[in-house]
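The values are calculated or read from the model by the stated rules, or taken from the named source; none is laboratory data. If you're wondering where the values come from, they're calculated on a predicted model, not measured in any experiment. Using ideal geometry, Cβ is built from the backbone for each residue, glycine included, and neighbour counts are taken over all protein chains shown.
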Amino acid sequence: MTAAFDVAAARAATPGCAAGVYLDNAGAALMTRRVLDAQVEHLELEGRIGGYAAARERHAEVAAVYESLGGVVGAPAASIALVENATAAWHQAFGSIPLQRGDAVITCEAEYGANYVSLLKARDERGIEILVAPPDGSGQVDVEALAGLVDGRTRLIAVSHVPTNGGLVNPAEGIGAVARRTGVPFLLDAAQSVGQIDLDVGRLGCDFLVGTGRKFLRGPRGTGFLYASPRVLAETVPPAVDHFGARWVAPDRYEMRPDARRYENWEFNHAAVLGLGAAVDEALAIGIPVVEQRVTALAASLRERLAAAGLETFDLGERRCGIVTTRVPGREAADVQEALAGQGITVGVTTPGSTLLDAGRRGLGDLLRLSVHVFTTDDDLDAAVEALGRS
Ligand SMILES: Cc1ncc(COP(=O)(O)O)c(C=O)c1O
């Protein structure tokens, strides 16, 4: 069914696989033993010699995390900032764009709740207009319609690549082409795509890309990153900087760092960052295209199984990724989630408030979210679909 891949080895390297069927990788994917060890070892070191000395000992390993993340998105290390999560990265990117009354920001119907709330706040506080690019017949962003919204007032295009509530993969490259043609900065939220889809910022044509560690990259919670293009580094400044992002060089003067680490704070969780680095190195060793092929095929197979069991799926778009949403008629999603958990099957639940525009238009309530990863097996899919059928 899927490309040659050593599933047994991937499962053996993942302690959580022994505990049951895990289908919440879009929530927080299972970490490998190596990712767990990287964190625990660093915490032990901090416990023995103190956090500052431990940071000095692991300086090179922390520096290597930027190289590794750059490898995931096709960017140099100097264009990567490490932050606590994708939302923090999004705020740093969004806040870099000067906005005033009458300016417009274009987004999409599947935009993530946290981002949209910030857009609404900017509308209320600064008088910007939010323009929502409509979906095409398949449900993905209609690139031509989006292009038609761009005019002299447009300051930013901010779009979620993969939404939180399904398998949709928005046509980011097409949107990037519009951004490049019109000169409008493009902020791509890749929180749900990084790690499961092969990304390249050059191909995507984005100025900012935000990602999170705990989802398809299989890193620890509380990790995320921001890619910033040379153009935004030259033309914009972060909304919040400390004396690490900008050197305090004289009582009345600071100098912004030239690289993307200007978006960071001095203080961060070193153990989590080292765990993220281990996760990213493992993903690169497998090859993200290999992950993408396997995850896509497994999710397609899951959709077929659900359809065969008479269960509806709610994923939009021409191209679908490793996230599948469904529901059991007459049952609350949270109740089904709990019932499955009782059988050792972990699935997620997505609620309308995370993608309110799309959920509202389609009249979606809470949905069960099943998300696969490389260690998922056909037996896992069968077990989950059977359990849903019994619910
Ligand atoms: C599309 C999308 N963007 C952003 C985020 C936020 O990521 P984080 O929780 O790391 O801030 C999520 C989280 O589910 C998401 O689904």
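Tallying residues that are touching a residue at least 12 places away in the same chain (Cβ under 8 Å) and either touching an Asp or Glu at 6+ places or on another chain (Cβ under 7 Å) or not in a helix (DSSP H, G or I) (or both) within region 6-34 yields 12.
Among Ser391, Ser301, which is the only one that is under 30 Å from Val143 (Cβ atoms) and touching a residue at least 12 places away in the same chain (Cβ under 8 Å)? On inspection, the qualifying residue turns out to be Ser301.
Being under 17 Å from Ala179 (Cα atoms) and of a type outside the set (D, E, K, R) is the filter; apply it to region 99-128 and report the residue that is surrounded by the fewest Cβ atoms within 10 Å (Cβ to Cβ). Show your work before the answer.
Applying the first criterion (under 17 Å from Ala179 (Cα atoms)) to region 99-128 yields 103-108.
Remaining after also requiring of a type outside the set (D, E, K, R): 104-108.
Numbers: Ala104: 18, Val105: 24, Ile106: 26, Thr107: 25, Cys108: 29.
My answer is Ala104.
Scanning region 322-342 for residues that are within 23 Å of the chain's Cα centre (by Cα) and either under 14 Å from Val385 (Cα atoms) or among the β-branched types (Val, Ile, Thr) (or both) gives Ile323, Val324, Thr325, Thr326, Gln337. Among the residues here, Ala278 does not qualify as modelled with pLDDT of 95 or more and more than 18 Å from the chain's Cα centre (by Cα). Is it the case that Ala145 is without any contact (Cβ under 8 Å) to a residue 60 or more places away in the chain, surrounded by 17 or more Cβ atoms within 10 Å (Cβ to Cβ) and more than 16 Å from the ligand (Cβ to nearest atom)? So Ala145 fails the test. Considering Arg231, Arg247, the condition of being assigned to a strand (DSSP E or B), more than 15 Å from the chain's Cα centre (by Cα) and more than 30 Å from Leu36 (Cβ to Cβ) is satisfied by Arg247 alone.
If I ask for residues that are away from the ligand (no atom under 16 Å from the Cβ) and not in a loop (DSSP other than H, G, I, E, B), which ones from region 157-198 would you list?
Of all residues in region 157-198, those away from the ligand (no atom under 16 Å from the Cβ) come to 173-174, 176-185, 198.
Selection gives Glu173, Gly174, Gly176, Ala177, Val178, Ala179, Arg180, Arg181, Thr182.
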